Amino acid sequence: MEIAILAGGCFWCTEAVFQRVRGVENVRSGFCGGFIKNPPYREVVTGRTGHAEAIEITFDPAVVSYQNLLEVFMATHDPTTLNRQGADVGTHYRSAIFYLNEQQKHMAEAQIAKLTAENQFNNPIVTEISPATPFYPAEVEHVDYYNRNRQQGYCQFVIDPKVNKLLKNFEELVK
């Protein structure tokens, strides 16, 4: 098994997407990229801890590659908006790839260069590529949020479209 850490705005959204990817064994919502230990959600959302809402993905590289994960990630959130995803605004909603080794770093850089060269987005990609700092799991009320709250408005209007992008554009990767 390998680990990937990605931040694409609200961790409820990215968790819901990657839970549906074949070869993904576990997805944990939490925080990465900050400078204090064990930050609580209420502190992270102030922007003073430096953390991003992120997910830690445990995956089987024999089933799904890190490259596949990057492709899904870049296609299911907006990597061109700085410190925001839709109505969610703040540094904790930034787009980031937290690499755990040099290979992941180079793959992330190559993916962004490819998308940029192909003019896949109308605006420049602002996704941060940074070495992973310790990952801290979110509080229990954030775990498996989408699956437990599918009827909630946020889930229907914000998360459903991201999950539907996965189902439509990455059918071969869906569990």
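Examine the stretch 76-90 for a residue that is out of contact with any Gly (no Cβ under 7 Å at 6 or more places or on another chain), among the charged types (D, E, K, R) and in a helix (DSSP H, G or I), and state whether such a residue exists.
Taking every residue of the stretch 76-90 in turn, none turns out to be out of contact with any Gly (no Cβ under 7 Å at 6 or more places or on another chain), among the charged types (D, E, K, R) and in a helix (DSSP H, G or I).
What are the residues in the stretch 78-123 that are of a type in the set (D, E, K, R), under 25 Å from GLY47 (Cβ atoms) and modelled with pLDDT of 95 or more, if any?
Result: ASP78, ARG94.
Looking only at the stretch 1-36, filter to residues that are of a type in the set (Val, Ile, Thr) and farther than 19 Å from ASN164 by Cα; which one of those is modelled with the lowest pLDDT?
ILE36
PHE157 versus (1) over 17 Å from THR14 (Cα atoms); (2) of a type in the set (Phe, Trp, Tyr); (3) free of Cβ contacts under 8 Å to residues at least 12 places away in the same chain: which is the lone unmet condition?
Unmet condition: (1).
Taking into account only those residues within the stretch 102-119 that are surrounded by 13 or more Cβ atoms within 10 Å (Cβ to Cβ) and under 18 Å from the mean Cα position of the chain (by Cα), which is farthest from PRO131 (Cα to Cα)?
Across the stretch 102-119, the extreme among qualifying residues is LEU115.
Sort out which residues of the stretch 137-151 are over 20 Å from GLU2 (Cβ atoms), within 15 Å of the chain's Cα centre (by Cα) and not in a helix (DSSP H, G or I), and write them in order of number.
The answer is ALA138, VAL143, ASP144.
Quick check on the stretch 107-114. Is at least one of its residues under 16 Å from ILE3 (Cβ atoms), in a helix (DSSP H, G or I) and either touching a residue at least 40 places away in the same chain (Cβ under 8 Å) or out of contact with any Cys (no Cβ under 7 Å at 6 or more places or on another chain) (or both)?
Yes.
So which residues in the stretch 71-86 are polar (S, T, N, Q), surrounded by 16 or more Cβ atoms within 10 Å (Cβ to Cβ) and under 18 Å from GLU118 (Cβ atoms), if there are any at all?
Scanning the stretch 71-86 gives a single hit, THR76.
The values are calculated or read from the model by the stated rules, or taken from the named source; none is laboratory data. What you see is a predicted model, and the numbers here were worked out from it, not measured in a lab. Reconstructed Cβ throughout: ideal geometry from the backbone, glycine too, with neighbour counts over all protein chains shown.
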